[in-house]
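Asks: First the structure, which I've put down as C-alpha cells, then a few questions once you've had a look.
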Amino acid sequence: MAQTYARGPIGQSTLRVEDDPLLKGLGAFVDDVAPPKNTLHLGFVRSPHAHARICSIDTSAAKRLPGVVDVLTGRDLVDLMKPIQVDPDKPGFKITHRLAVTIDKARFVGDTVAVVVAENPYIADDAVEAVAVEYEALPAVVSLDASLAPGAPKIHDYIADNVIYENEQKTEGFDAVFTAAPHKFVRTFRTSRIAVASMEARGCIAIFERGLGTLTFWTSTQVPHIVRHALSEMLGLSDSKIRVIAPDVGGGFGMKAYLYPEELVAAALAIKYRGSFKWVQDRVDDFLTSNHARDQQYKMSYAVSAEGIIKAIRADILVNIGAYASFPMGSSLEANGGPRNMPGPYDFAQFAFRTRAVATNTCPTGAFRGVSAPSTFFSVEGMMDTIAKELGLDPVELRRRNLVTKFPYTNAMGQRYDTGSNGECLDRALELSGYVAYRRSQPASRLLDGKYRGIGVATVTEQTGQGASRYKERGLYRVPGFDAALIKIEPSGKVSAFVSQAAQGQGHLTTWSQIVAQELGVVPSDVTVIQGDTATVPFGSGTFASRGAILAGGAIIRATKIIRDKVKRIAASVLEASATDIEVADGYAFVAGVPKMRVALSDIASIAYSLDARLIPEGEEHGLEAIAHYDPPTSTVSNATHVAFVAVDPATGAIEVERYVVVHDCGRVINPMIVDGQVHGAISNGLGQVLSEALIYDESGQLTTTTLLDYHLPTALDMPTIQMEHMETPSEITLGGFKGVGEGGVIGAVPALAGAVRDALSPLGIEIIRLPLDPPYVLSMIEAAKAKRTN
Amino acid sequence: MKPAKFTYYAPETVAEIIALLGRYGDDARPLAGGQSLVPLMNMRVARPAVLVDLNRCKALDAVSDDDGTLVLGPMVRQSGGERSELVRRLCPLLAQTLRFTGPRAVRNRATIGGSLAHADPVAELPGAALALDATFVIEGANGRRTLKPDAFFVGQLTTAIEPGEFLREIRIPKAAANTVSAFIESGARQEGVAIGGVAAQITLAGEVCQDIRLAAIGVGSGPVRLTATERTLLGRKLSEALITEAAKAAEDDVDPTTDLHATAHYRKRLTVALAERAIKQALAGPRTN
Ligand SMILES: Cc1cc2nc3c(=O)[nH]c(=O)nc-3n(C[C@H](O)[C@H](O)[C@H](O)COP(=O)(O)OP(=O)(O)OC[C@H]3O[C@@H](n4cnc5c(N)ncnc54)[C@H](O)[C@@H]3O)c2cc1C
C-alpha cells in the first residue's frame, strides 16, 4: 500500500519567493557582487586552432600596455596548481589530466594558452589581443567518425585510439534470445551537439583576505562544496580556509556542475598575489568553452517477437567527449547515461551494450538536463515507432504491450523501480489528447490544409535522486551523492534552513520552506532558506541530476524530526504532559485532542535559548537546531507520457508544434506550479534540440555557431500551449515519497516531437534518425523522398 | 566582450554631424539604435575609432508626407514606424515589414535608417525598400545626393554611403490606389533571423496586375528583385494557377550561396514558396484607396 501523506504546505502552489526580487531586478549574480577595491580582472587567451603545438608565446607587447599587471602562461601557473584529474583507475577508464592553461598543445578552439591580469576588463581584452602566440597547426579531428578512423591524430599522446572511456556489458543468455527472435530491426540515430546557453554565463571573483589568510570565492556554480573541495585539493589551501559562495545563479542545467579551469586560475592567482581577481564570461566565450552536450550516436538493434514484444536490445553508443574529461563527472557520464536510461519504461530482460566516450578536438562535453537521456529516448522511441510501423501496429499499442506496469520491477540493468504509473500516464495522456479520435480521422497522406500533420507519443522514465551508492557504482568518486540540512528554530520562533543544495532557478527557497513548514507545523513564510554558501550550509553534493527534492527533502525531514522531538519534549514539560501526546501545528505545540493546552513555538524557542523566565528542562541542551544528512538507498524513477502534434510545411520544411499534452508523475508533488514550470522549461529545451539547436564545428575544428544569432535557441513564440496533468505515485524508498522532476520534460519532449514529425512524414517513407529537424534538412528529406517516388 | 577604445561624440545638429563625419572620415561611424553596431563593437568585429551618436539630433526622427511621398528620418525607431498612422496609410508594406525586423524590445531601439545602412543580406527592411522603390538621401560635406535601391545596396553589409556621409532621409512614394502588399518570411524560429523572405507590392486594375514589385531577402548579398516572376504576372489576371506558375520563375531570379543556415538550393526553393505566398497573401488583403 502506498503511504498517504497529511495535507499541509506540501502540495500547495505557493508563489515563488524568488520571483519578486528577480522581476524587480534585485537579483544578485556574480557580476552584481561588489568586489573589493583594487580587484584585478582576468582575460583568457584562447587558442584559435583546434589542434596545434604551441611553439612560443610572446607576452612582451601585452605586458607593456598601460593597466596590464601581468601575463602568465601555462609554465608560470604549473607550480601553482595540480592538473585537473578526475577519472578513477578502474577498468574502462583512462586517467586523463588537463592543465588549466595548456603548455604543450592546444586541443580545441578555446583551449587556454595564457592569462592576462589587468586593471579593468577593457584593458584585459586589449591585452588578450596583444599576446602573440606562435602555433604549429596539427591535423584536427572533430567528429566521432574521424576520431575513430584508423590512424587518426591523437588528442592525448597516452590514449592511442582516442577512446577515453569504454564499457561493454551483456546479460546472460543474450545471444540465444536475440538470435531466436523472429524480427530484427536495426537503426542508427544521431543527435547534434548542443549548448546550455544559460542566461548568465560563467564567472567568478576570488578574494584573498590577507589578514586571515582565507579565500572567499564567488562563483556561478551548481556545486559550491565540490568546488571548495577541489580548489583546496588542487591549490593546497586547506578547505577550512576557503569559502565558496554561489549567489543567484542564472541557469546551470548541468553545465555549471563542474569545476572549470578559469575558476582554478582565479583562485590560484588570488592566493599567489594575495589579492582579488574577477572574471565574467561573455557569450562567445561561453559557446567556445562551457561544456557542450549530446554529440552522440546510437546504433540500436532490436529483437522482437511476432506479437511485438521486445526480447532483446543491443546498443552501440558513441559519445563525443571533446578534448578533456571534466571535473567531477569525468568521461563516463554521458557514455553511461545512454545504457543506464535505455531500459526506460519497457519490460525486457536481455540487454547488451557497448558504449564509448571518444576524444576529439572540440570543447569538452558533459551534463545537460537529462544528460544522455533525451538522445537515448530519441533512439528508443524512434525504434518503437519504427517497429510499430514495420509490424503494422499502432505505435501506442506496441508501447502498451511492452510497458512495465507491475511494481516493484527490476530492469535489465539491475535497477529497481519501486513505484510507477507508466500505463496510467499513457491512458490519461491519450484521453486528454484525443489520440484515438485523432488517429481515426487522420488521412493516410497526413496532408491536412496543405501541411503534413502528425502526432507523436513518447513514454519515458527519468532516473532521479541518485545516492552515494549509485555514484560509487558508476565510478564517479568525486560526487558525494548525499546532501544535508541544518535547521534552526531561531530564538524568535522563526525558522532558518541551511541546505547543501544550490539552486539555479529551481525555486528552492520556496519548496524547501514548504517542506520545513509542513514538518515543523509552521507557515512557509516563517521559514528562510539559506543555500549556496559553504561557510553556512553543511557539506553536500549540490543541485543537478533531478536530485534536489529528494535529497534536500530527505535531509530536511530528518533534521526537522530531531527538532520536532525536542520541541515536543520541552512542550511536554511546560504543559505537564507526556511528550508522546504532543503534536505540532500552526505554530503551536499542543496536547493531542486538547488544542487549548498549547504553547507557542516562539515560547519554546525562548525557553530553548534561555531568553525566558523558565529554564530549559533538565537534561536538554540549549538551542533548537539539528543537522541531518540524507543518502537515498538507490535512485527513484519518475515517468511521463508526452503527446505532441506538429505541422510540417511541405514547401519550406518549417515545423510548427500545434498542441502538446503531458501527463507526468514525479511522486509526491511539493509545489505543483513549480513542477509545471520545470516541465514547461524542459519541454522548451527539448523543442530546441529537436527543431533548431546545433553547435556546428567545421572540418578544421572552428566553432561556427558562437552567437545567439547563429545558435538557434527557441523563444516563447515557438512554444505550443502545453496541457499538463500530474499523477502522484509516491516513491516508497525516498523519505517523503518525492521523485525528481528537473529533467523529465526534455527526456519526453525530444522523442515526442521527433515522433510527431516521423508520423507526419511517414507516408513519404521518411525516417527521423537525426536531429535537429531544421527547415532546410526537413525540406531536403521531403524532396529526396519525393524524387525517389517518382523514379 | 568589451569594445576596443573609441571616442564618443553626441552632436545635436545635422551640421555638427556632418562636420564630425567629415573630420574623422573612415575612422568614424554613426551610431543609431546600436542594436547591430554595439554587439559588433563588443565582439571587436567593428572597431571604429570615433562614434558619432545620432540619437541627440532631433531633426532625424520625423515622419512626414511630402506631397505624396513618405519621408522618413533615419532615426525613426522601427516600432515607431510600425505604429505610425502615416506610414500605414501611405506605405502599408513598410508597416507590414516592420513587424518582422526583430523582437519588440530590439525594434523599440533599432532604427529604420540603421537597418538600411547596415545592409544585412537577411534584413527585412532592405527588401521592403527595394519593393517600395525607395529613394535614399545621403548627405555629407558636399551636400546631398540621392540613390535608388539598386545603387544604394552595394553588397553584403555595404552601401554606397561614403566616409564623411550619412543616410539623411528615406523617401518612399505613396502606394497608388488599388494597391495590395505583404511581407512574409521563414526561418528556424518564429522570432529569429529569417532564412529568407519576400516583400510584394501589387497595384491592380480590377483583377489585372498593373504594377508589381517583388523583392527577396536572404538570397544574395543584398535584396533581389524577382523580375522573372514580375514579368510573368504583369498585365495579366492573377489566377491562383498563374501565381503558382510565376513564382517558380523566381528560382531564376536568385543566385544564393550556401551558408551555415541553409544551402543555396534551399534558399531558391524557399524563395519560390514565399513568393507565391506573399502574392496570395497580398491579394487577400485590403486595397489602398
Ligand atoms: C536580438 C536581435 C534580433 C534582431 N533581429 C533582426 C531581424 O530579425 N531582422 C533585422 O533586419 N534585424 C534584426 N536585428 C538587427 C537590428 O534590427 C539592427 O539593430 C538594425 O538592423 C540596425 O539598426 P540600429 O538602429 O540598431 O543601427 P546601429 O546598430 O546603430 O547601426 C548599424 C550600422 O549602420 C550604421 N548607421 C546607422 N545609422 C546610420 C545612418 N543614418 N547613416 C549611415 N550609417 C548609419 C552604423 O554606423 C552601423 O554601421 C536584430 C538585433 C538584435 C539585437
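The values are calculated or read from the model by the stated rules, or taken from the named source; none is laboratory data. Please read all numbers here as calculations on a predicted model, not as lab measurements. Note that each Cβ is placed from the backbone with ideal geometry, even for glycine, and that neighbours are counted across all protein chains shown. We work out accessible area using only protein heavy atoms, side chains counted, and drop any ligands, DNA or RNA first. Shrake-Rupley method; radii C 1.70, N 1.55, O 1.52, S 1.80 Å.
Asks: How large is the Rg to Rh ratio of chain A when both quantities use alpha carbon positions and Rh follows Kirkwood? Please list the in-between numbers first.
Replies: Details: Rg = 27.5 Å, Rh = 27.7 Å.
Using only Cα positions, Rg/Rh for chain A is 0.99.
Asks: So which helices of chain A fit the span-like rule, where a helix is a whole DSSP H run, its Cα atoms reach 27 Å or more along the axis, and its mean Kyte-Doolittle is at least -0.5?
Replies: Working: long enough: A:548-575 (38 Å, 0.80); A:672-691 (28 Å, 0.58).
Flagged H segments are A:548-575, A:672-691.
Asks: For the protein assembly as shown, with the dipole built from +1 on Lys and Arg beta-carbon atoms and -1 on Asp and Glu ones, taken about the Cα centre, which of A:Ala444, A:Leu753, A:Met673 lies farthest toward the positive end?
Replies: Of A:Ala444, A:Leu753, A:Met673, it is A:Ala444.
Asks: At q = 0.18, 0.21, 0.25 Å⁻¹, what log₁₀ I(q)/I(0) does a Debye calculation on the Cα points of the range B:7-53 give, no solvent, two decimals?
Replies: Normalising to I(0) and taking log10 leaves -0.50, -0.67, -0.89.
Asks: Explain nothing, just the number: relative contact order of chain B, from Cα pairs under 8 Å at least 6 residues apart, as a whole percent.
Replies: Numbers: 677 pairs, mean separation 45.0, N = 289.
Relative contact order, chain B: 16 percent.
Asks: Now for a different question. Would you calculate a helix-derived [θ] at 222 nm for chain B, using -39,500 (n - 2.57) for each DSSP H run of n ≥ 4 and dividing by the full residue count, to the nearest 500?
Replies: On the way: 13 runs with 100 residues, N = 289.
Theoretical 222 nm ellipticity from helices: -9000 deg cm²/dmol.
Asks: Taking every alpha carbon pair in the range B:58-173, what does the distance histogram look like in 5 angstrom bins from 0, in percent?
Replies: Percent of Cα pairs in each bin: 2, 12, 24, 28, 20, 10, 3, 0.
Asks: A further question on this structure: Please give me the summed charge of the neighbours of A:Pro617: other residues whose Cβ is under 14 Å from its Cβ, Lys and Arg +1, Asp and Glu -1.
Replies: On the way: positive: A:Lys566, A:Lys568, A:Arg569, A:Arg614; negative: A:Asp565, A:Glu576, A:Asp603, A:Asp612, A:Glu618, A:Glu620, A:Glu621.
Its environment carries a net charge of -3.
Asks: When N is the residue count of the range A:109-238, what does its C-alpha Rg come to as a fraction of 2.2 N^0.38 Å? Don't skip to the end; give the middle numbers.
Replies: Numbers: Rg = 23.8 Å, N = 130, 2.2 N^0.38 = 14.0 Å.
Normalised Cα radius of gyration, the range A:109-238: 1.70.
Asks: Check the straight Cα-Cα distances from B:Lys174 and name the lysines below 17 Å, setting aside those fewer than 8 residues away within the same chain.
Replies: List returned: B:Lys148.
Asks: What number does the range A:330-421 give for Rg over Rh if you use C-alpha atoms and the Kirkwood radius?
Replies: Details: Rg = 15.2 Å, Rh = 14.8 Å.
Over the Cα atoms of the range A:330-421, Rg/Rh equals 1.02.
Asks: Then there's this: Just to make sure I understand: if all protein chains stay in place, what is the order of A:Arg770, A:Arg107 by accessible area at 1.4 Å, largest first? Intermediate results must be reported in sequence, preceding the final value.
Replies: Values: A:Arg770 105, A:Arg107 20 Å².
The ordering from most to least exposed comes out as A:Arg770, A:Arg107.
Asks: What percentage of all Cα-Cα pairs in chain B are separated by more than 31 Å? Write down the numbers at each step before the final one.
Replies: Numbers: 11218 of 41616 pairs.
The answer is 27 percent, as a whole percent.
Asks: Let me ask something additional. Taking a probe of 1.4 angstrom, what is the accessible area of A:His726 in Å², to the nearest 10?
Replies: About 60 Å², ignoring ligands and nucleic acids.
Asks: How high is the relative contact order of the range A:43-200, given as a whole-number percent (alpha carbon pairs under 8 Å, six or more residues apart)?
Replies: On the way: 225 pairs, mean separation 47.4, N = 158.
Reported relative contact order: 30 percent.
Asks: For Cα pairs less than 8 Å apart in space and 6+ apart in sequence, what is the mean separation divided by the residue count of chain A, i.e. the relative contact order in percent? Please report the intermediate quantities before stating the final value.
Replies: Numbers: 1995 pairs, mean separation 124.5, N = 791.
Relative contact order of chain A: 16 percent.
Asks: Please report the antiparallel percentage of the DSSP beta bridges confined to chain B, to the nearest 5. Write down the numbers at each step before the final one.
Replies: On the way: 40 of 47 bridges.
So the antiparallel bridges in chain B amount to around 85 percent.
Asks: Would you calculate, for chain A, the mean residue ellipticity at 222 nm contributed by helices, counting each DSSP H stretch of 4 or more residues as -39,500 (n - 2.57) and dividing by all residues, to the nearest 500? Walk me through the intermediate numbers first.
Replies: On the way: 21 runs with 231 residues, N = 791.
Helix contribution divided over all residues of chain A: -9000 deg cm²/dmol.
Asks: Now, a different point. State to the nearest 20 debye the size of the charge dipole of the protein assembly as shown about its Cα centre, where the only charges are +1 on K and R beta carbons and -1 on D and E beta carbons.
Replies: Dipole magnitude for the protein assembly as shown comes out near 840 debye.
Asks: What does the range A:455-591 give for Rg and for Dmax, in Å, if only its C-alpha atoms count?
Replies: Reported Rg and Dmax, both Å: 17.7, 66.
Asks: Summarise the accessible area of chain A (1.4 Å probe, protein heavy atoms) by the percent that is carbon and sulfur.
Replies: 53 percent
Asks: Now a separate question. Compute the whole-percent fraction of alpha carbon pairs in the range A:546-655 spaced more than 22 Å apart.
Replies: Working: 3149 of 5995 pairs.
Counting every Cα pair in the range A:546-655, those more than 22 Å apart make up 53 percent.
Asks: How many percent of Cα pairs in the range B:102-260 exceed 22 Å? Write down the numbers at each step before the final one.
Replies: Values: 5715 of 12561 pairs.
Of all Cα-Cα distances in the range B:102-260, 45 percent exceed 22 Å.
Asks: Among the residues of the range B:231-265, which ones have their accessible area go down by 20 Å² or more when all the protein chains sit together, as opposed to their chain alone (1.4 Å probe)?
Replies: B:Leu260, B:His261, B:His265
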